[in-house]
Amino acid sequence: IRTVGQNYISLDEMNRLLNSDEDYLLLDNRKPEDWIVKNIKGSVNANMDYVVTYNDYPTAVEIMKTVLREKTGSENGNGKKIVLACYTGNRYATAATNILSYLGADLSNVFTLEGGNVAWDRSSYGAVPAVALNTMQSLNENYDWGDTFEFAKRYGASTLNLAHAMDVMTITTPCAFE
């Protein structure tokens, strides 16, 4: 897998995209346990920690292929506009871009969010309204967390980190990984 250049999308352009009818796929390339705690509306997790931490390209390639197949019907994105969001728009997004190139994605349609989730969270676009925090418990009661935790478990989230994510999100649903 070779290193390729990245195209970038600004925070303003990402916000415009989120509020439009344009067809795109937003891939969050962080660890699943970080994505569970907080993510950009509409994002799908495609964990690139296997490459960044372990240099395990085969596992990361399989994760990317699986996500692309589920969301676009093809293993290379089928020409769809893809936006990558990682921690700061650097290592995890670079790994994802390189893997997308390897899979034959149209890189003219692949963009990295400038500054990643850190910049998004610090911007006015990423601010969480207080009302959302106040209604987290009622949302928890109406959401089946099983699928979310099974996905995270399948792609390497640790019990400790998931427990931390559950604590941060005030989730009271018991969850055990045996």
Can you tell me which of S10, S43 is closer than 18 Å to G126 by Cβ, under 10 Å from the mean Cα position of the chain (by Cα) and open to solvent by less than 60 Å² (accessible area, probe 1.4 Å)? S43
Condition first: closer than 17 Å to G104 by Cβ and charged (D, E, K, R). Can you find one or more residues in region 19-29 that meet it? no
The correct count of residues that are over 24 Å from R69 (Cβ atoms) and part of a loop (DSSP other than H, G, I, E, B) in region 1-12 is 3
Could you list all residues from region 63-88 that are without any contact (Cβ under 8 Å) to a residue 24 or more places away in the chain and of a type in the set (S, T, Y)? T66, S74
Reported set for region 89-112 where residues are at pLDDT 95 or above and in contact with a Gly (Cβ under 6 Å, 6 or more places away or on another chain) is A105, D106, T112
When region 17-62 is examined, which residues are found to be without any contact (Cβ under 8 Å) to a residue 60 or more places away in the chain, closer than 17 Å to A95 by Cβ and of a type in the set (S, T, N, Q)? S43, T53, N55, T59
Just a yes or no: is a residue in region 131-151 at pLDDT below 95, open to solvent by less than 20 Å² (accessible area, probe 1.4 Å) and more than 15 Å from the chain's Cα centre (by Cα)? yes
In region 1-56, the residues that are among the β-branched types (V, I, T) and touching a strand residue (DSSP E or B) at 6+ places or on another chain (Cβ under 7 Å): I9, I40, V44
Take G79 and tell me if it is in contact with an Asp or Glu (Cβ under 7 Å, 6 or more places away or on another chain) and in a loop (DSSP other than H, G, I, E, B). yes
For region 13-31, name all the residues that are assigned to a loop (DSSP other than H, G, I, E, B), open to solvent by less than 40 Å² (accessible area, probe 1.4 Å) and among the charged types (D, E, K, R). R30
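The values are calculated or read from the model by the stated rules, or taken from the named source; none is laboratory data. Every value quoted in this text rests on a predicted model; they were computed, and no experiment measured them. No Cβ is skipped: glycine too gets one built from the backbone with ideal geometry, and neighbour counts run over all protein chains shown. When the accessible area is computed, the model is the full protein with side chains, heavy atoms only, and any ligands, DNA or RNA have been set aside. Shrake-Rupley method; radii C 1.70, N 1.55, O 1.52, S 1.80 Å.
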